[in-house]
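For reference, the structure is listed below as structure tokens.
The values are calculated or read from the model by the stated rules, or taken from the named source; none is laboratory data. As the structure is a prediction and not an experimental result, all values here were calculated from the model. Counting neighbours? That spans all protein chains shown, and the Cβs are built from the backbone with ideal geometry, glycine included. Areas reflect the complete protein model, heavy atoms only, side chains present, ligands, DNA and RNA absent. Shrake-Rupley method; radii C 1.70, N 1.55, O 1.52, S 1.80 Å.
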Amino acid sequence: MKRKSHFRTLVWTALSAIALLSLTAGAGAVQGDKKIRLLDDCDPATFNAVLGDGACIGNGHTTFDEFIGELEETEDAHAWRNQPSNMHLNVGRETLIENRGGETHTFTPVAEFGGGFVNELNGISGNPVPAPECLNFGSIVFLPAGAVEAGPTAGSSDLPVGSHKFQCCIHPWMRTVIDVADPGPSTSAPAAAKHDHH
Ligand SMILES: [Cu+2]
């Protein structure tokens, strides 16, 4: 009898551990990573005719002439954009950068928004002065079409509390501002909540 109950205890402990593990996993999944999508709409035939084979893949519909025309008219090619352009993250939140477009993009941290390293696009998009970070080729991370990469985690040294600017160093109007919320006095908040029960 004693042995049997011991066995039951073991089984129960194991089940509890599994339940606890899945609970923990569930809590993580609820938070998830925050996705930032880099979008464009390049038409492969016309883009590759100008920029070379492989510059644009996929099934975008904006011709190269339409792309340049829109830039000249509005200093923006709207289908080339980061989604979202603004986000607020709590400390600990992870990010995921997805290039959903047909061209290569970058998601480069900059102190201030500026131009990229393509002079022609800087000029017609109204960003004549390159952001220095975009001229530092050694540290620019290129995301080819279809690339999915882990981005910085909120609260880490790559993305500390505060406001941070990211831009594409090819298409400098593709921008995202990430604000990492200051956790502030929240570490003492549970203690304060406990006092309420006394
Ligand atoms: Cu880009």
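Accessible surface of Val177 in the full protein assembly, 1.4 angstrom probe, to the nearest 10 Å²? In the full protein context, Val177 sits at about 30 Å².
Taking GluC sites (Glu not before Pro) across region 51-118, the ones in a DSSP loop with at most 13 further Cβ atoms lying within 10 angstrom of their Cβ are Glu75, Glu112. Estimated at the nearest 10 Å², the accessible area of Leu51 is 90 Å² with a 1.4 Å probe. The alpha-carbon positions of region 67-198 define a convex hull whose volume is 120 Å³ per residue. Put Arg175, Arg93, Arg100 in order of accessible area, highest first, and with a 1.4 Å probe you get Arg100, Arg175, Arg93. Ordered by 1.4 Å accessible area with all protein chains kept, Trp80, Trp173 run largest first as Trp173, Trp80. The relative contact order of region 66-178 comes to 39 percent, based on Cα pairs under 8 Å that sit 6 or more residues apart.
Extension gain for the segment Asp182 to Asn86, taken as residue separation times 0.36 nm less the Cα-Cα distance, is 32.9 nm to one decimal. For Arg37 and Glu112, a Förster radius of 22 Å and the Cβ-Cβ distance give a FRET efficiency of 0.40, rounded to the nearest 0.05.
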